[in-house]
Amino acid sequence: MNGKKRCEKGTFSPDGMRAEILNPFVHKLELDNAYDKIRTAIFTVILLPFRVIVICYLIVTAWFLACVGLYGLSEDDLRKKPMTGWRRSLKPIICFIGKMSYLAGGMAISIRGRQASRREAPILVVAPHSSFLDSCIVYATRMSSVIVRKESMDNYVGKLINYTQPVYVWRDDPNSRQNTIKEIIERATSKEDWPQVLIFPEGTCTNRSCLITFKPGGFYPGVPVQPVTIRYPNAKDTVTWTWEGPGALKLLWLTLTQVHSSCEIEFLPVYYPNEEEKRNPKLFARNVRDVMAKALGVPVLDYTYDDCRLIAKAKQLGIPGGASIREVAELRGQLKLDIANYEVDLIETGLQGTPRWLTLEQFALRMDVLITVPCSRLYKIFVQQSINLMYFPDYLLATLFILYQHEPLALLIAYGFKIFDGSGTGRLDITSFEELAARTLNLGPEDAHNLFRGADVEKKEYITYDEFVAYATKKPELSFVFARDGSQKVKIQ
């Protein structure tokens, strides 16, 4: 394979300028100096308790008013017609209290532009979606109707969400997607005075480095929409909550111990779809995304919620580079390694004599590519920082996971036996098997040891793939290994 014939393909922003390869699902946040740590510790003691008390008081007050506004109304009533009269007059009060709860936490919300009326734009399109704190947009838009999973309503804040007269998504309903789209269309085209429908079309949280693919659901009505952007222009990003990074409680703690935080909400001009966009919701969504990306000054990437699910599955199984698995696929494409699945050929022809630890130059030579930016970035994902070398089996396993993501996990393990078989005999000793089990089943040393001993019936101190399968098929807790979409961490007795 001739590496000199390879060329890079870039990811482009709406204005045509090449953008850096990004991973929108990773956020790194650490208190990296003594000053930040000391300041956070002090504010945790003297500021955090006061803020929590005030915020709780305000939220309880808003919740109580929502309960009053909903008194005597069933969920069916909320879906049949918009609230009117004294019930609706409580909205400005609840919105004011909601904004004050953010201000009590040290976050000032500033608004630019003008929110269009429902007649001008029945749907508000909000992006990027990067935090649970994005809920402030509900208060900033005068309690617009959100789209929410019905099962998430069974909690304390359910009354506040119900007060927006949301569009429900029923996870257990096989026709949920179609029914949700149908209700959005009915709301958007109704002559009654419903609240505007508010959607986060990305469908998941990102780190705001780009805009990912917009889901078309909110664009099916073919009506004018108003794009709304959210920014958090803070020196330290304590709000981003995505697939790889700090958890919600840590982010909330760090945000509440900042002296001051900001959130900027901007209402962009109403977007009026042309006839082609009305017929093609995906085109409509894509064009609105381009407008918003240009306003934000960020690129667009065709990442989707399915990519998030793939990342979650990779992390659950312990696949090396799991959080960057989508980036690995993108970089392999830029290096043209996806055309002939070069890595599979390497494994099939045998890896004996190939060093497990590689320098960048060795990696490029092994993969028959030039040392370009994509090559360097791909290499860096699998580098062990302590020795500044790539562990080549990790790269191979991540690649195989991408190639065979829809196949049973057993296929990945079968290739894993070949990758970790340094002798070429088709068998693994306990040390090699523990490495493989950690990277494909997310097993700790003890569980992997027990699995090895169970499969090594003859006590030979090694097992073959066939022996692993013979044992695993008898264990109910390992049935997911042979299913097409199963993944979970197992405990081997």
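Things to note:
- At full extension, Phe482 and Arg309 could sit 60.4 nm farther apart than now, given 0.36 nm per residue minus the alpha carbon distance.
- Loop-located trypsin sites (Lys or Arg not before Pro) in segment 168-241, at most 16 other Cβ atoms within 10 Å (DSSP): Arg171, Lys191, Lys236
- Pairs of alpha carbons in the chain whose separation is greater than 40 Å (percent): 35
- Bridgeable lysines around Lys37 (alpha carbons under 28 Å apart, same-chain partners fewer than 8 residues away excluded): Lys28, Lys236, Lys250.
- Sequentially through segment 202-219, phi angles give Karplus couplings (6.51, -1.76, 1.60; θ = phi - 60°) of 5, x, 7, 8, 10, 9, 6, 6, 6, 10, 8, 4, 7, 5, x, x, x, 9 Hz, Gly and Pro residues having no value and appearing as x.
- Within the accessible surface of the chain, defined with a 1.4 Å probe on protein heavy atoms only, the carbon and sulfur portion equals 56 percent.
- Around Arg88: net Lys/Arg minus Asp/Glu count, Cβ-Cβ under 11 Å: +2
- A DSSP coil position with no more than 15 other Cβ atoms inside 10 Å describes the following GluC sites (Glu not before Pro) in segment 400-486: Glu458, Glu461.
- Thr372 exposes around 40 Å² of accessible area when a 1.4 Å probe is run over every protein chain in place.
- Computed with a 1.4 Å probe over protein heavy atoms only, the accessible surface of the chain comes to 47 Å² per residue.
- Scaled to the globular estimate 2.2 N^0.38 Å, the Cα spread of segment 171-301, given as radius of gyration, is 1.21.
- In order along segment 165-170, phi translates into HN-Hα couplings of 6, x, 9, 8, 10, 9 Hz, rounded to whole numbers, per the Karplus curve 6.51 cos²θ - 1.76 cosθ + 1.60 with θ = phi - 60° and x for Gly and Pro.
- For segment 40-54, putting each phi into the Karplus relation 6.51 cos²θ - 1.76 cosθ + 1.60 with θ = phi - 60° gives couplings of 4, 4, 5, 5, 5, 7, 9, 10, 4, x, 4, 5, 4, 5, 5 Hz, in residue order, rounded to whole numbers and with x for Gly and Pro.
- Per-residue accessible area (protein heavy atoms, 1.4 Å probe) orders Ile161, Ile94 as Ile161, Ile94, starting from the largest.
- Ranking of Ile137, Ile55, Ile371 by solvent-accessible surface, largest first: Ile371, Ile55, Ile137 (1.4 Å probe, protein heavy atoms only, all chains present).
- Stokes-Einstein diffusion for segment 25-74, with the hydrodynamic radius set to the Kirkwood value over Cα pairs and evaluated at 10 °C in a medium of 1.306 mPa s, equals 112 µm²/s.
- Options Tyr57, Ser89, Met390, ranked by Cα towards positive dipole end of the chain, top entry (Cβ charges): Ser89
- Coil-residue trypsin sites (Lys or Arg not before Pro) of segment 308-362, DSSP, other Cβ within 10 Å capped at 16: Arg356
- Antiparallel DSSP beta bridges within the chain, as percent of all bridges there, nearest 5: 40
- Dipole of segment 241-304, positive end: most advanced residue of Phe284, Pro269, Thr304 [Cβ charges, Cα centre]: Thr304
- Computed over segment 338-493, the convex hull of the alpha-carbon atoms projects to a mean area of 9.7 nm².
The values are calculated or read from the model by the stated rules, or taken from the named source; none is laboratory data. Please read all numbers here as calculations on a predicted model, not as lab measurements. No Cβ is skipped: glycine too gets one built from the backbone with ideal geometry, and neighbour counts run over all protein chains shown. Note: areas computed on protein heavy atoms with side chains; ligands, DNA, RNA excluded. Shrake-Rupley method; radii C 1.70, N 1.55, O 1.52, S 1.80 Å.
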